[in-house]
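The values are calculated or read from the model by the stated rules, or taken from the named source; none is laboratory data. Computed from a predicted structure; not experimentally measured. Positions of Cβ are backbone-derived with ideal geometry, glycine not excepted, and every protein chain shown enters the neighbour counts.
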Amino acid sequence: VNSIGEVGLLQPLVVTPENIIISGHRRFKAIQSLGWTEVECEVKDIPEDQFDVHIVLYNQGRNKVATEILREIKILYSNLWIGKGNNKGGGKKPKMRDVISEKIGISSGSIHKLLFIEEHQPDLLKLIDDGDMSINGAYKETKRQMNFISLSEYVYERKKNIPLNIENLKIYNKTSEDMSEVGNASVQTIVTSPPYYNKRTYGDGQIGWESSIEEHLERLMTVMSECKRVLKENGSLFLVIGDSYDENGSLRQIPHRLSIKMSDDGWILRNTLIWYKTNAKPENGRIKRWGTSYEYIFFFVRSMDYWFDMDKIRVPYTTEPTRHAPRHHKTNASTFMNQQTNLQHPLGRVPRDFIEEDVIKTAFNQKEKFVPDENLEHGATFPEKLIRPFILATSKENDLVLDPFIGSGTTAKVSLENGRKCVGYDISPVFVDTSYQRCGQVTKDETVQLM
C-alpha cells in the first residue's frame, strides 16, 4: 500500500472484458484502501475454462509459499496434460514436469517432492510455509516415515534373521516410563535423546505427541524419575535434547524447562554441553532468524561422589608448551633468573564444553561411523563418536549402560564395543529390530582392540 501510494501503480491490472481480475488481486486491494476510483487495466479476452491457468502464469513475479505453489502445479497439470495419459511427468520422459517447472520457476525435482509430501505427509506443508522446514527436509522426513510404515508390516519376518540373543544386551519393546525390568541402583551411565515435541512419529502412544508442553514434560519427568531410581549413587546421565518452534514462531524452550524440573527433583547439573553440528540440516531460505546448528547435552549426576575418569577422554593440545619471559629476583645483591614453562599433561588437555561434530577425537575414538541399511535408518540418531567419551569417562568395563530411548542402537553399540553391558527401551519394534541387527556386527576383536 505504501509503495503504491508513493510511486503509483507500476504495472496495470490484467482483467477480462467482464472485469474479472486475472492478475493484480493484491494491488487492487491496495488501491481500494488508498481510496482510488480509477486504475489502469490491460484487458485480455480469456476463455472461462482457462482462467486458472492464466492466473498462474500472470502471477509468477511474487513470492509464494509451498501450498500456493502446489495449487499452481496442480492447475497446470490438469490443464496442460489433457489427452496425454496418466503418467504426469514421470517415467523416462518427464517432459511435462519440466514444462511446468519452467513456467512456475522451481525445479522439477521440487515439484516431485511437493506432490509426494502432499500425498503422504500433508501436515508438513505448513512447516514449509512457515519457514520451519525446507522442501528437501520435509521430503526426507516423509520418506523416512514411509519406510517406517513399510518396515512395520514386515518386522516379524525380518526378525527371523536378526540375532536377538546378544551377550550383554537386552532391549525391551515398551515405553521407558516403566522400567521395572531394571533393578534399583544397577546402572552406571545413562545416555539418551528423547523425541522432539511434535516433530517425528515413531509409533502409537509415543512421547512427543502430547496435547500440551506440560503433558510432554510430565511424561519426560516420569522417565527421568525411573532413570534416577535405576542409576547408582555415583552414576551419570547424559541427556541429548533439542528444541522446536510453536505455531507462533517461538522456541518452546523444552530443554531448559526439563533441566529446571530435573534440578528441582534433586539432580545435579554438572555441565551444559553444546553439540555444534557442522553438517546441520539446511534451513528454509525464507526464515527470518539465524539457522539452527546445535543441540544441548545436559550432564547430570545424582551426587558429587560420581565416577569420572578424565584420562580416558583427554584431547590433543592444539599448541606446543609455551615459555613465559624470565622473571628476575634480586637477593643480597645477586640476581637470579627463573624460566617459567606451562606444563602439559602427557595424555592431552581437558575437553571443552563446546563439541564440534567433526573434531571429536580421543585416543579411544578412532573407529569409523556405522552406516545402517538406509531402509532402517532412524530419523534422529547421534554419532557414535559424540557419546563414546561420555561412556568412557563415567563407567568401567562390565558396567551397565542404559538408553531409555534407544532408537537405532548407537548407545548399545558403543557400550558393547567398549566392554560395557547395555539395556534399552523403545516402543517401535522396527527400531528394536534395527538395534539388534546393528549390535550383532560388534565382534570381540573390536572390543579388545578398543580396550
Residues (in contact with a helix residue (DSSP H, G or I) (Cβ under 7 Å, 6 or more places away or on another chain) and either at pLDDT 95 or above or under 20 Å from Gly208 (Cα atoms) (or both)) located in region 422-437: Cys422, Gly424, Asp426, Pro429, Val430
Residue in region 400-409 that is farthest from Pro389 (Cα to Cα), counting only those that are at pLDDT below 95 and touching a Lys or Arg at 6+ places or on another chain (Cβ under 8 Å): Ser408
Residue pairs meeting the criteria (Cβ under 6 Å; at least 6 apart or on separate chains; first assigned by TED's automatic domain parsing to the domain that holds Leu269, in region 290-309; second modelled with pLDDT of 95 or more and in a loop (DSSP other than H, G, I, E, B)): Phe300/Trp267
Test result for Val191, outside any loop (DSSP other than H, G, I, E, B), at pLDDT 85 or above and under 30 Å from Lys396 (Cα atoms): yes
Close pairs (7 angstrom Cβ cut-off, 6 or more residues apart or separate chains): without any contact (Cβ under 8 Å) to a residue 12 or more places away in the chain in region 1-29, surrounded by 12 or more Cβ atoms within 10 Å (Cβ to Cβ) anywhere: Ile21/Leu13; Ile21/Val15; Ile21/Phe28
Unique residue being touching a strand residue (DSSP E or B) at 6+ places or on another chain (Cβ under 9 Å), in contact (Cβ under 8 Å) with a residue 40 or more places away in the chain, among the small types (Gly, Ala, Ser) and outside the structural domain of Leu124 (by TED's automatic domain parsing) when the list is Ser225, Ser186: Ser186
